[in-house]
Amino acid sequence: MPAYDKVKIARKVSRPTALDYINHIFDDFIELHGDRGFRDDSAIVGGIAMLGDTPVTVIGVQKGKTMEENIKRNFGQPHPEGYRKTLRLMKQAEKFRRPIINFINTSGAYPGVGAEERGQGEAIARNLMEMIDLRVPTISIVIGEGGSGGALALAVTDRVWMLENSVYAVLSPEGFASILWKDAKRAKEAADVMKITAEDLYDLGVVEKVIKEVDGGAQNDFGFTANLIKSKLETELAELTAKDTDTLLSERYDRFRRFGEFKE
Amino acid sequence: MKLLNNIRSGIDKISVENLKGKVTAIKDAIPVPEKKEKKEKPKKAEKSADKDKKEEIPDGFIKCPSCSAVIDKKDLGALKICPKCAKLFRMNAKDRVKAIADKGSFDEFDINMESVNPLDFPDYEVKIKSLQEKTGLKDAVKTGRCTIGGRPCVLGVMDSGFMMGSLGSVVGEKLTRAFEYATENKLPVIIFTCSGGARMQEGIISLMQMAKVSAAAAKHSDAGLLYVTVLTDPTTGGVTASYAMLGDIILSEPKTLIGFAGRRVIEGTIKQKLPDDFQTSEFLLEHGFIDAIVERESLPGVLADILKLHNVEKAGEA
Ligand SMILES: [Zn+2]
């Protein structure tokens, strides 16, 4: 399938959202709100829940399925206070030794006046720095769009997985094409050279697992993908939890340390 | 269905606008020097010559974008400051190192590290090669060990003249190694940032450099060591969203562009013009995101004082 077709599936308004997965996979989800500094950002949902017998912290970037919902969720584009809420919840998870699971689905961090005034760059940077040191197992799953720094801010985790029809990129194919060829309409071509599909990123070692969806995308059989995620999470968390914390942290450091190609 | 389409177009619109932000941020990463720099370079002068009506600037002169005075480049001095209006011109990494490190103290790391083409991106190698010839740099950062006011530290200086200081594998690796060296040798790190953001030719690998450098900065911080960033014009995109904003102390020069999203993207999103001082160092100081704005000529002294205040002993006296 051409990469751009995956982009279209990833952006589908009917595509299952973070809350869809959270509600299906976990029991007793209690949503926790706010960054304790400025306000609650509805583009981010998060809280505590049970995965089988294990208490976990779950966080997601939430898109809407209706215009009304999307306005409320700011189309899944978090503000700095959204990232600060995620950090608060992740530090809380660390305190209570809960594993952390992040569902990523954002075209990017919101580019706006308030976002800049309140330090969008600082908020993302802080997450990158803090997440590398969290003393609990962490897993992130790109379930739709993984847009740039706004996605990475939730993806500095022990494992990064992608759904088969999700994408993860440094910028959108449209943006890429308009820079390179001054023509946003060549997004399809851009998508091909950018290496943004789950398969490409698996080959590059950027993600550890690609999770299957039924033909046409997860919305066609939501239970299929959600159940797959659940069983993989259970297996993986058992493995990660068995590691001693220093090993976990040094492996996480190495996971990100190895990215980059150069000669000297 | 109609409703669905409306929703969909709403989403497309938003995500395209968001993209535009990234476009702008990344645009800066394309190796097209800014207008004012165009005039600096004789090669570009030919180009502006065929655009008639352009004012002729004699060789060796430059027009100040701030006060419009035509200035002999020599009069900008070592610190590249307009003698008429005190505007700060961008400094390249070599000049910056000279201005900051004690004379002869800079011992550069990883001098021969250069880019490969991790995503087999068309023409990337060619672009790199031609920029290397033009700038004399291998890539967009210099790192090394030096002393400032006699006190040792690890210094990293980005160079906007090389692909707009964009963050690719080489920049990421050199900065990561600089942090790791500093952690091992219990030294402070000082980084002068200037960058248009991610290097799009390296795609996701560029994005991963943000995490990599931040991780190394975290380890350095965990060891109780000092990290100072000096944000210089421009510091945007992925560099702002990673190591630029992670200093224990964050300094900046006056009237420096610092931000995450590009101005045009934001204007496109909110459908209005932004004030001139938006995303300047003064704006960030007011909103609480940098510690102090320091005049260019005062930077070596201020940095030496900061090292002293963190008990960094003078070399040879430890
Ligand atoms: Zn001037």
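For this structure, a couple of remarks:
- Members of the range B:214-261 that are over 16 Å from B:G288 (Cβ atoms), of a type in the set (A, V, I, L, M, F, W, C) and not in a strand (DSSP E or B): B:A215, B:A216, B:A217, B:A218, B:A223, B:L225, B:L226, B:V239, B:A241, B:A261
- Meets criteria (in contact with a helix residue (DSSP H, G or I) (Cβ under 7 Å, 6 or more places away or on another chain), buried (at least 24 other Cβ atoms within 10 Å of the Cβ) and modelled with pLDDT of 95 or more) for B:A241: yes
- Selection status of A:R135, open to solvent by 10 Å² or more (accessible area, probe 1.4 Å), under 22 Å from A:H24 (Cα atoms) and part of a loop (DSSP other than H, G, I, E, B): no
- Strands (runs of 3 or more DSSP E) completely within the range A:1-96 that count 2 or more residues being surrounded by 24 or more Cβ atoms within 10 Å (Cβ to Cβ): A:44-51, A:54-61
- Hits in the range B:174-194 (condition: at negative phi, charged (D, E, K, R) and open to solvent by 10 Å² or more (accessible area, probe 1.4 Å)): B:R177, B:E180, B:E184
- B:G156 being part of a loop (DSSP other than H, G, I, E, B) and at pLDDT 95 or above: no
- Qualifying residue in the range A:152-160 (condition: open to solvent by less than 10 Å² (accessible area, probe 1.4 Å), in a helix (DSSP H, G or I) and within 11 Å of chain B (Cβ to nearest Cβ)): yes
- Filtered by the rule that a residue be without any contact (Cβ under 8 Å) to a residue 60 or more places away in the chain and out of contact with any Lys or Arg (no Cβ under 8 Å at 6 or more places or on another chain), the range A:152-166 gives A:L152, A:A155, A:V160.
- Residue satisfying condition, being in contact (Cβ under 8 Å) with a residue 40 or more places away in the chain, within 14 Å of another protein chain (Cβ to nearest Cβ) and not hydroxyl-bearing (S, T, Y), within set B:M91, B:M113: B:M113
- Near pairs, Cβ below 9 angstrom, 6+ apart or cross-chain, from the range B:56-69 (away from chain A (no Cβ under 14 Å)) to any residue that is more than 10 Å from the ligand (Cβ to nearest atom) and part of a loop (DSSP other than H, G, I, E, B): B:K63/B:E55; B:K63/B:I57; B:P65/B:E34; B:S66/B:K255
- Hey, B:T256 within 17 Å of the chain's Cα centre (by Cα) and facing chain A (nearest Cβ under 10 Å) or not: no
- Odd one out for A:G121 among (1) open to solvent by 10 Å² or more (accessible area, probe 1.4 Å); (2) more than 14 Å from A:Q77 (Cβ to Cβ): (1)
- Residue that is nearest to the chain's Cα centre (by Cα) [pool: residues in the range B:71-109 that are part of a helix (DSSP H, G or I) and within 16 Å of the ligand (Cβ to nearest atom)]: B:L76
The values are calculated or read from the model by the stated rules, or taken from the named source; none is laboratory data. This structure is a prediction, so every number in the text was calculated from the model and none was measured. Note: ideal-geometry Cβ built from the backbone for every residue, glycine included; neighbour counts use all protein chains shown. Accessible surface areas use protein heavy atoms only, side chains included; no ligands, DNA or RNA. Shrake-Rupley method; radii C 1.70, N 1.55, O 1.52, S 1.80 Å.
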